[in-house]
Structures are given as C-alpha cells and as structure tokens.
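Right, one structure below, let's go through it.
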Amino acid sequence: MAWRSCKLLNNQLSKLDKLCIYMAALRKCVRGFFRGFFFKKRKGLLFVGKHVTLLNKRSISVGSRVKFEDFSEIQGLSTHGISFADDVTIGRNVEIRPSSYYGVGDIGFGLKMGKNSSIGPGGYIGCAGSISIGENVMIGPRVTIIAENHNFRSQATAIKAQGVTQQGICIADNVWIGADVTILDGVTIGSGAVIGATTLVNKDVPSNSVYLNKRAVYTRTRD
C-alpha cells in the first residue's frame with residue numbers, strides 16, 4: 001500500500017487492523033529503499049514485497065509509490081526498457097519478461113505502464129514486442145498479454161526455427177480487463193473498454209465497448 005493511500009483507509013477498520021497495514025507498508029518501503037539502487041530512473045518511494053525478483057535493473061524505470069508485491073518477477077533486459085509511472089502496482093506472482101534470462105536470441109522490446117495502473121495476481125506479460133498500457137488501467141488476476149507470435153507456415157521446418165512476428169499491443173487509458181483474459185499480439189484496446197473474464201482478445205477493441213466470452217464478441221456500448 002502506498003504511503004499516500006494510508007490516509008484513505010476505511011473508517012470501519014479497527015486500530016489493530018490499521019496498525020498491521022501500516023507495518024506491512026513500512027516493511028515494503030524499507031525493502032524498497034535497499035532494493036531500489038541501480039534502476040535506470042527512480043522517483044520517490046518504492047514498495048517491494050517478499051521474494052521479488054528484479055533482473056537487469058539498469059533498464060527499469062520506476063516512478064513514485066510503485067509497488068512490487070510478493071513473488072513478482074520483472075526482467076529488465078530489453079531494447080526500450082521497462083517503465084512504471086507513479087502509483088503502478090504489480091501484483092503477487094506477476095511475471096514480466098521481454099527476453100530470455102540467459103541473453104540468447106533476440107532482445108525484446110519492453111513495456112510501458114501509465115500512472116495508477118495495476119496488474120493483478122498471477123499475470124504474465126510477454127513483452128518481446130512492444131506493450132503499452134495507459135493510465136488508470138485495471139488488469140485482473142491471471143491475465144496473459146503476449147506481444148509475439150511464432151511463425152509456423154512451413155511443415156518441413158520446426159516451428160521453433162521459423163522465427164516470430166511482433167506487431168505490439170496497445171491498451172489505452174481507463175480500461176478494465178477481467179480475470180483470466182488473454183490478449184494476443186497486434187491488438188489495440190481503446191480507452192474506456194471493458195473486457196469480460198476469460199475472453200480471448202485477438203482483434204482490436206473499440207473505445208467504450210464491452211467485450212465478452214472467449215471469442216471476443218462485441219456486445220454493446222457502455223452508454
């Protein structure tokens with residue numbers, strides 16, 4: 001929890017509950033101070049949970065009050081870096097990977113997340129191709145976003161040897177993405193869109209639209 005948010009705690013919480021929350025935030029803040037060296041850019045407080053993996057930090061930029069929850073993993077190795085604006089939250093067990101751990105193969109493009117956006121627990125962000133996430137975006141639990149496709153046209157060559165294509169993914173401001181959604185390469189999601197749980201998104205989503213079910217069927221506008 002960000003320091004600023006502590007002022008907005010629910011009034012129904014007991015003093016003991018509030019104390020527990022404050023203490024947990026303090027521990028993450030202290031951990032963030034010691035883990036926060038060697039980033040490409042860093043601004044303000046950083047909150048880091050337990051067992052967080054931060055690799056290639058010189059390619060990672062963090063704004064103020066960024067939160068990396070327990071067991072999250074951020075791999076920084078990328079051509080354009082990994083950037084988190086103010087008040088971004090990376091949930092528990094989220095994995096962000098632009099490249100191989102061992103530096104083999106192509107170096108991935110990277111990820112940019114806008115202010116006050118969050119990725120829920122268990123998410124996977126494969127940003128070998130460019131991924132841009134706007135401001136105030138809510139991404140639910142176990143969401144998969146992959147900005148890359150394997151080529152497989154030739155039957156005479158192993159799929160793994162046929163290379164990849166990368167068109168990139170763009171998610172605009174004020175988008176809500178439900179649990180267990182999968183977003184594939186080449187997709188643009190317009191501002192104000194809502195993606196229903198378990199949906200497979202393989203084509204563009206217009207602004208202020210609601211998309212439901214695994215076929216990403218357009219159902220209605222928000223108004």
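The values are calculated or read from the model by the stated rules, or taken from the named source; none is laboratory data. Predicted, not measured: the structure shown is a model, and the values here were computed from it. Here the Cβ is made from the backbone with ideal geometry for all residues, glycine too, and neighbour counts use every protein chain on show. Accessible surface is based on the protein model in full, side chains and every heavy atom, while ligands, DNA and RNA are left aside. Shrake-Rupley method; radii C 1.70, N 1.55, O 1.52, S 1.80 Å.
A few notes on this one:
- Across the accessible surface of the chain, with the other protein chains kept in place and a 1.4 Å probe, carbon and sulfur atoms take up 54 percent.
- For region 27-115, trypsin sites (Lys or Arg not before Pro) meeting the loop criterion (DSSP other than H, G, I, E, B) and having at most 12 other Cβ atoms within 10 Å: LYS50.
- Surface per residue (accessible, 1.4 Å probe) for region 109-172, Å²: 52
- Per the Kirkwood formula applied to alpha carbons, region 132-207 shows a radius of gyration over Rh ratio, Rg over Rh, of 1.08.
- Between PHE38, PHE68, PHE84, the GNM of the chain built on Cα springs shorter than 10 angstrom shows PHE38 fluctuating the most.
- Surface accessible to a 1.4 Å probe, per residue, for the residues of region 1-74, Å²: 63
- Helix 15-35 and the longest principal axis of the C-alpha atoms of the chain enclose an angle of approximately 60°.
- Taking SER78, SER61, SER100 in turn, the Gaussian network model of the chain (Cα-Cα springs below 10 Å) assigns the largest fluctuation to SER100.
- Once log10 I(q)/I(0) by the Debye sum over Cα atoms at q = 0.08, 0.13 Å⁻¹ is calculated for the structure shown, the corresponding label among (1) -0.27, -0.75; (2) -0.34, -0.81; (3) -0.31, -0.78 turns out to be (3).
- Here the 3J(HN,Hα) profile of region 69-77, calculated from phi with Karplus coefficients 6.51, -1.76 and 1.60 at θ = phi - 60°, is 7, 3, 6, 6, 9, 10, 9, x, 4 Hz, Gly and Pro shown as x.
- Other residues within the sphere of radius under 14 Å centred on the Cβ of ILE159, judged by their own Cβ, net out at +1 (K and R +1, D and E -1).
- Separation in nanometres of the label points that stand 7 Å from Cα toward Cβ, at LEU9 and ASN136: 2.7
- Approximate spin-label separation LYS18-GLN162, in nm, with each point projected 7 Å along Cα-to-Cβ: 6.1
- When you restrict to C-alpha pairs under 8 Å that are six or more residues apart and normalise by the size of region 95-223, the relative contact order lands at 17 percent.
- Think of it as helices only: each DSSP H run of n ≥ 4 in the chain is worth -39500 (n - 2.57), and spread over all residues that comes to -3500 deg cm²/dmol at 222 nm.
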